[in-house]
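> Right, I'll just put the structure down here and ask away after.
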Amino acid sequence: MQRYFIPTEQFGQHSVVLAGDDAYHIQRVMRAEPGTKLICSNGIDREAVVAITHMTKQTVEAEIVEELPMEAEPSVHVWIAQSLPKADKMELVIQKGTEIGAARFIPFTSERTVVQYDHKKEIKRLERWRKIAKEAAEQAHRNRIPELSSPSSWKELLRLGSQVDLALLCYEKQHTLSFRALLEQALAGEKGGEPYTILIAIGPEGGFTPAEAAEAEQAGYRPVSLGRRILRTETAAMVALSAIMYAAGEMGGGN
């Protein structure tokens, strides 16, 4: 059943209204008709099976058939801080990271970041990234769309480390601290009530500099290695996220 995220104001007590790209997709791509059932979520606290009742060129109206529980989100919140990579690699990180279960994406710039970020294009780029996250969350049947922050500076990223339960820095020269052991220790003492939050920082194509690694450690980040093999920056993000999800018991293993 096709899933769509819609704004809270379009989610009524007994019916929903889909508009814009969603309405276009339902009518032109899905070729839906009155009676077709969909899943709609406001990405916050409501999700339901709905049946289409009426369509115009701009909107699709549907009645709520069944309220659904929101149980698809991971028990651990993972923030992926990704130093801006070249080409469209950030789009890949957002798409696949959303499918795996990331809660937030934080693009940032560091010393070896090759991409020259253009603030004039920030709004357009963020709109595209958020659209990719929305579509990936719908495809993966997520209950929520991951948050996507505006690009941060290196100093801003260091300060974010104090806002989470565990801040990690992927550093290829770190071979003494076990990523697995660190995750097991952290998640074993997971706090009750609020989800445990982990920030994992991934460097650019050239990796972090020794000076950055030292700065991050001073700021409370724990440097970790993802193994003896050198991974591409977009691969490192997915490997780290998958490892955390496995350790948290989100992939049939772990706790």
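> If Leu226 satisfies all but one of (1) under 14 Å from Gly97 (Cα atoms); (2) surrounded by fewer than 21 Cβ atoms within 10 Å (Cβ to Cβ), what's the number of the condition it fails?
Result: Leu226 passes all but (1).
> Any chance you could count how many residues in the range 87-113 are of a type in the set (S, T, N, Q) and modelled with pLDDT under 95?
From the range 87-113, those of a type in the set (S, T, N, Q) are 95, 98, 109-110, 113; that's our starting set.
So of that shortlist, the ones also modelled with pLDDT under 95 come out as 109-110, 113.
Here the count works out to 3.
> Could you check, for the range 86-108, whether at least one of its residues is surrounded by fewer than 16 Cβ atoms within 10 Å (Cβ to Cβ), of a type outside the set (Phe, Trp, Tyr) and over 24 Å from the mean Cα position of the chain (by Cα)?
no
> Check off (1) at pLDDT 95 or above; (2) within 30 Å of Thr233 (Cβ to Cβ); (3) touching a helix residue (DSSP H, G or I) at 6+ places or on another chain (Cβ under 8 Å) for His77 and give me the number that stays unchecked.
Going through (1) at pLDDT 95 or above; (2) within 30 Å of Thr233 (Cβ to Cβ); (3) touching a helix residue (DSSP H, G or I) at 6+ places or on another chain (Cβ under 8 Å) one by one, His77 breaks only (3).
> Take Ile39 and tell me if it is assigned to a strand (DSSP E or B), touching a residue at least 12 places away in the same chain (Cβ under 8 Å) and farther than 30 Å from Gly249 by Cα.
Numbers: assigned to a strand (DSSP E or B): yes; touching a residue at least 12 places away in the same chain (Cβ under 8 Å): yes; farther than 30 Å from Gly249 by Cα: no.
Taking the combined requirement at face value, the residue does not satisfy it.
> Would you check which residues across the range 141-196 are assigned to a loop (DSSP other than H, G, I, E, B), modelled with pLDDT under 95 and of a type in the set (A, V, I, L, M, F, W, C) and list them?
Leu177, the sole residue that qualifies.
> Would you say Leu148 is of a type outside the set (D, E, K, R), within 12 Å of the chain's Cα centre (by Cα) and closer than 23 Å to Pro7 by Cβ? Let's see the steps before the verdict.
Values: of a type outside the set (D, E, K, R): yes; within 12 Å of the chain's Cα centre (by Cα): yes; closer than 23 Å to Pro7 by Cβ: yes.
Answer is yes for this residue.
> Residues in the range 79-88: is at least one outside any strand (DSSP E or B), aliphatic (A, V, I, L, M) and at positive phi? Give the steps one after another, and end with the answer.
Within the range 79-88, the first condition is being outside any strand (DSSP E or B), and the residues that meet it are 84-88.
The next check asks that each one be aliphatic (A, V, I, L, M); those that pass are 84, 87.
Checking which are at positive phi leaves us with 87.
Scanning the range 79-88 turns up at least one residue that is outside any strand (DSSP E or B), aliphatic (A, V, I, L, M) and at positive phi.
> In the range 100-130, how many are of a type outside the set (A, V, I, L, M, F, W, C) and without any contact (Cβ under 8 Å) to a residue 12 or more places away in the chain? Before the answer, list the steps.
Taking the range 100-130 first, the residues of a type outside the set (A, V, I, L, M, F, W, C) are 101, 104, 107, 109-113, 116-122, 124-125, 127-128, 130.
Filter again for without any contact (Cβ under 8 Å) to a residue 12 or more places away in the chain, leaving 116, 118-121, 124-125, 127.
Within the range 100-130, residues that are of a type outside the set (A, V, I, L, M, F, W, C) and without any contact (Cβ under 8 Å) to a residue 12 or more places away in the chain number 8.
The values are calculated or read from the model by the stated rules, or taken from the named source; none is laboratory data. Treat the numbers as computed from the prediction; the structure is a model and nothing was measured. When we count neighbours, we look across all protein chains shown, and the Cβ atoms used for this are built from the backbone with ideal geometry, even at glycine.
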